[in-house]
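The values are calculated or read from the model by the stated rules, or taken from the named source; none is laboratory data. Treat the numbers as computed from the prediction; the structure is a model and nothing was measured. Every residue, glycine among them, receives a Cβ derived from its backbone with ideal geometry; neighbour counts consider all protein chains shown.
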Amino acid sequence: MANPLHDRLFAAHEGRTETFLHLADGGALSYAEFLALSARLANVLAAAGLAPGDRLAAQVPKSPEALALYAACAQAGVVFLPLNTAYTVEELSYFIENSGARLVVCDPGQQAALAPVAAGLGAQIETLDARGAGSLMDAARDMPAAFETVARSEDDLAGLLYTSGTTGRSKGAMLTQGNLLSNALTLAEAWRFDADDVLLHALPIFHTHGLFVATNVMLAVGGAMIFLPKFDPDAVIARLPEATAMMGVPTFYTRLLDDQRFSGELVAHMRLFVSGSAPLLAETHRRFEARTGHRILERYGMTETNMNTSNPYEGERRPGTVGVPLPDVDLKITDPETGAALPRGEIGMIEVRGPNVFKGYWRMPDKTAEELRPDGFFITGDLGMIDADGYVHIVGRSKDLVISGGLNVYPKEIELVLDAQPGVLESAVVGVPHPDLGETAVGLIVAEPDARPDIAAIEEAVRGALARFKHPRKLLVVESLPRNAMGKVQKNALRARYRDLFAGVEG
Ligand code: MLC
Ligand code: AMP
């Protein structure tokens, strides 16, 4: 029976003995071995009673087994919900509850804290650690290495990825099989990937970039990946000689450039470097070219849409731009107030439509209606313009968002925690430039009359509530917050005031 995502990305490699994953310890996994692993896992999911359309929430370290769990979900028709390993139990509880996940897979170290949460929400729990061990693999070991693929259509959900909102709670972006498959095929073609490619993969696999862009593209062409647990410059530099291509967030490239071992000679054989998830400074692009002779290819995407635009593989890769719309993607710039299309050269809201654009937010029809127009255009929240040659420039964001090392941080979420602390009257969180992370969050706190907020205690409270990458790198007590005539905090003024806070700071 048909299951487009599984048929095209996974089943197509049935029986192939070529390497799919080169591992950090020097080992390797062939396509056939990987598919056997995922089929065993699909049998575990079916035995656990997961039906097509059920959600599986996975907060697990990066490993071949974790990736095989994604493949297993595709084969069993289960909706895969990957979660950042940095999330706190408080954050996880919301995702498990909101998604109605039937099975939670977590690191054994998280099991004690998560078991009561899962039980309270009627979800089963299994474990999977960084070495691929745990109760999930214990159950898989005795399962058959074949599984009868569950029929799905392109319109069925394959993934549920949570993305925070400027206001309110995180929203689950519903990604269909068609969304993922169409984008993978488009990107493989646009970037000229084939079965001889070896992609250096140092991204996390709980986000669009590492899971759907990097992994799905390599699966689409049957190439191999050097599958590293995280971005570690030593390991990346050691393994680059075996790679033909690499994908990363801008911080990967600035960190490599800061390392003297990263030379033109080291990467002379490479075919392609891709950057995305956050703005790549034109200066980084130029430094990279000066050091290596390679022009980084920058592209633009988001959780809700997969990839929208890309600089050309052949043709001019223009620093400071995200290139042109991918085939089948309609992109327009609109007036943020009226939604009317604006002419070329004018700055406005970026809206996109295409087979890549998600189906809506999970169980949030109102939020979906606010951002997804009836004619299929998605209002991205990114501000940009299209230049005379058709290249898209992202010039800012209308959404209140900080992107730190390629990870999204929503100020509102932090402000809610800060505001709840003793002695705090109000707070504002803004993003400021950071040499290593691109941007980082700074928290500005106004004390209640006669109070002296205890910064150490506030930091402790933030640690308990929010994942580490969301923590403001600096908390400052200020007299008051600048406001406009409407009483709204002027974040632009704050961003300008603190823009040099981290200038010249190392990492
Ligand atoms: C880790 N930390 C971060 C952080 N990552 N803090 C802020 N921002 C981040 N991105 C924390 C660590 O827990 C640590 O805390 C401290 O900061 C310093 O850690 P580090 O050793 O410098 O971090 P490292 O582990 O090296 O991670 C940095 C990173 C990583 C940039 C390599 O964050 C990363 O791989 N980012 C990629 C994210 C990504 O894949 N985004 C794609 C989203 S999809 P402590 O307390 O130990 O000091 C998307 C769509 C699209 O956006 O278009 O692609
Ligand atoms: P996420 O919600 O994690 O998928 O983040 C998506 C957001 O990252 C987009 O809406 C953009 O604001 C930003 N983004 C992704 N790629 C780029 C890029 N190449 N340049 C600038 N911003 C980017």
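Miscellaneous remarks
- Summed over segment 395-417, residues that are among the hydrophobic types (A, V, I, L, M, F, W, C) and either surrounded by fewer than 18 Cβ atoms within 10 Å (Cβ to Cβ) or at positive phi (or both) total 2.
- Matching option when the condition is out of contact with any His (no Cβ under 8 Å at 6 or more places or on another chain), within 14 Å of ligand 1 (Cβ to nearest atom) and either under 29 Å from residue 280 (Cβ atoms) or hydrophobic (A, V, I, L, M, F, W, C) (or both), among 429, 417, 489: 429
- Cross-chain or 6+ apart pairs with Cβ under 6 Å, segment 275-302 first and under 16 Å from residue 322 (Cβ atoms) and within 16 Å of ligand 1 (Cβ to nearest atom), then part of a loop (DSSP other than H, G, I, E, B) and not hydrophobic (A, V, I, L, M, F, W, C): 277/406; 278/406; 297/311; 297/317; 298/311; 299/276
To keep it simple, each residue is scored yes or no on (1) surrounded by fewer than 23 Cβ atoms within 10 Å (Cβ to Cβ); (2) touching a residue at least 40 places away in the same chain (Cβ under 8 Å); (3) in contact with a Lys or Arg (Cβ under 8 Å, 6 or more places away or on another chain); (4) part of a strand (DSSP E or B).
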{"position": "169", "(1), (2), (3), (4)": "yes, yes, no, no"}
{"position": "174", "(1), (2), (3), (4)": "yes, yes, yes, yes"}
{"position": "178", "(1), (2), (3), (4)": "yes, yes, no, no"}
{"position": "183", "(1), (2), (3), (4)": "no, yes, no, no"}
{"position": "186", "(1), (2), (3), (4)": "yes, yes, no, no"}
{"position": "200", "(1), (2), (3), (4)": "no, yes, yes, yes"}
{"position": "211", "(1), (2), (3), (4)": "yes, yes, no, no"}
{"position": "217", "(1), (2), (3), (4)": "no, no, no, no"}
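- Pairs meeting the criteria (first residue in segment 388-399 and assigned to a strand (DSSP E or B), second residue more than 10 Å from ligand 2 (Cβ to nearest atom), beta carbons under 6 Å, at least 6 apart or on different chains) are 392/386; 393/385; 395/347.
- Any pair with Cβ under 8 angstrom, 6 or more apart, that starts in segment 357-379 at a residue that is at positive phi and modelled with pLDDT of 95 or more and ends at one that is hydrophobic (A, V, I, L, M, F, W, C) and not in a loop (DSSP other than H, G, I, E, B): 360/174; 360/372
- Candidates 87, 70, filtered to the one that is part of a loop (DSSP other than H, G, I, E, B), crowded, with 21+ Cβ neighbours inside 10 Å and under 19 Å from the mean Cα position of the chain (by Cα): 87
- Verdict on residue 381 being within 16 Å of ligand 2 (Cβ to nearest atom) and touching an Asp or Glu at 6+ places or on another chain (Cβ under 6 Å): no
- Condition met for residue 261 (part of a loop (DSSP other than H, G, I, E, B), surrounded by fewer than 18 Cβ atoms within 10 Å (Cβ to Cβ), touching a residue at least 24 places away in the same chain (Cβ under 8 Å) and more than 16 Å from ligand 2 (Cβ to nearest atom)): yes
- Some residue of segment 281-300 being over 28 Å from residue 352 (Cβ atoms), surrounded by 22 or more Cβ atoms within 10 Å (Cβ to Cβ) and not polar (S, T, N, Q): no
- Residue identified as over 23 Å from residue 217 (Cβ atoms), without any contact (Cβ under 8 Å) to a residue 12 or more places away in the chain and surrounded by fewer than 19 Cβ atoms within 10 Å (Cβ to Cβ) among 26, 53, 49: 26
- Residue selected from segment 219-230 under the condition part of a loop (DSSP other than H, G, I, E, B) and not basic (Lys, Arg), by the criterion farthest from ligand 2 (Cβ to nearest atom): 222
- On the stretch given as segment 387-433, residues that are among the charged types (D, E, K, R) and within 23 Å of the chain's Cα centre (by Cα) total 6.
- Restricting 17, 85 to residues that are over 20 Å from residue 160 (Cβ atoms) and at pLDDT 95 or above narrows the list to 17.
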